[in-house]
Each structure stands twice: as C-alpha cells, then as structure tokens.
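Note sheet for the following structure.
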Amino acid sequence: MNHPSDGVRICPADYGSKSHAVALVMLLDAYARDPMGGGEGLSEFARTHLVQSLAARPQAFSVLAFLGADDETPVGLVNCIEGFSTFACQALVNIHDVVVLPAYRGQRIAQQMLALVDAMARERGACKLTLEVLSGNAGAMQLYRRVGFANYQLDPAAGHAQFLQKWLR
C-alpha cells in the first residue's frame, strides 16, 4: 500500500476561492456518482448553489486534499456541519461527506483529512465527531475504526443507534 508523502496537501476549504469551490463540487459530484454515494451525480441546482449555501452557514466547514501545492489536482474532500449535543451541552461536528477519488484510495488521504477535521472540531469546542456510513462500505468502516470511531450506544443492553431519514420534499 502506498502512503502519501509531502506531495499531498490537506487544508481547510476556502469557500471564497474559485479553485476550492470547483474542487468541492467536482469531488462531491464524483462521490454522488459512486455506488456508495447513491450512483447519481449532483443535480444542477446542487452544483450551482452548493458552495454559496455552505458559505452562508457558519456551522459548515470543509477540508480538501490536493496533490502538490498548486490546488490543481483535487483528490479528497470532507464536508462537516456543526450540531449540538444536548446531553453534553456542547457543540458536536457531524462529518457529512468523506470523499477520496478512486485512484487515490488506500494512501491514507482520508485519514489525514479526518485528522484536520478532528483538530478543527476541537478548536470549535466540539465534544465529539459523528458520521454515518453504509454497512456495506467495508473500507470506510475500517478507516473509521482505525481513527477511533465506534458504534454509538448508551447502554449495550439497549443496542446501537440507528440512522434514519424522512424526506420532506
């Protein structure tokens, strides 16, 4: 397995930067097209409005991975949204999207991006990171466990938390 050297740059996304905006939309669209992202690309509405919508939300932040220092070759993205833990009465950070282009997987790029997310969440005073992952995504599960994530539970007798959704549109 290859491991990235100094050739990969991990950085907070600047929603006001054209190169970062283009990279963010391209990477999220690639993820959406992946079977683990649903297999369909982003809508035209999402591609057009995503970055400005994220920028309008102070609770949102993203991390990007680029090959080299020139931001010309984006290879990874993590999108995060700050929430709130009522039990801890503190902020939490939900990792909403984790993307590494297929040609660059297995090089610990996602691990490096998650390390920066961890540091940024701590700077925000967050008590924990949360994320959702498909049960069939073995590679992602291995990564998440390696960096310290575990199934959420309060009491083992009550079982693990389940992630549910209800569409409103």
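Structural remarks
- Helix 109-123 and the long axis of the chain differ in direction by around 60°, with both axes built from C-alpha atoms.
- Spacing of the two label points (7 Å from each Cα toward its C-beta) at A103 and R146, in nm: 2.2
- Figure legend: label point modelled 7 angstrom from the Cα of R124 along Cα→Cβ; residues of the range 86-103 with amide N under 19 Å from it are 86-99.
- Using 0.36 nm per residue and subtracting the Cα-Cα separation, the extra length available between A55 and Q153 on full extension is 32.0 nm.
- Residue among Q52, P74, F149 farthest towards the positive dipole end of the chain, charges placed on Cβ: F149
- Spin-label model distance (nm) - K166 vs R33, 7 Å beyond Cα toward Cβ: 3.5
- Cα-Cα P(r), the range 91-169, percent of pairs per 10 Å interval: 14, 45, 32, 9, 0
- Charge-dipole axis of the chain as Lys and Arg at +1 and Asp and Glu at -1 on Cβ define it, positive-most pick from L64, L101, L168: L168
- A Cβ-based charge dipole, computed about the Cα centre of the chain with Lys and Arg at +1 and Asp and Glu at -1, lands at about 320 debye.
- For the pair L134 and F84, label points projected 7 Å from Cα toward Cβ lie 3.4 nm apart.
Only the coordinates and a few stated rules stand behind these numbers; no lab work does. Just so it is clear, the model here is predicted, and its values are computed rather than measured. Using ideal geometry, Cβ is built from the backbone for each residue, glycine included, and neighbour counts are taken over all protein chains shown.
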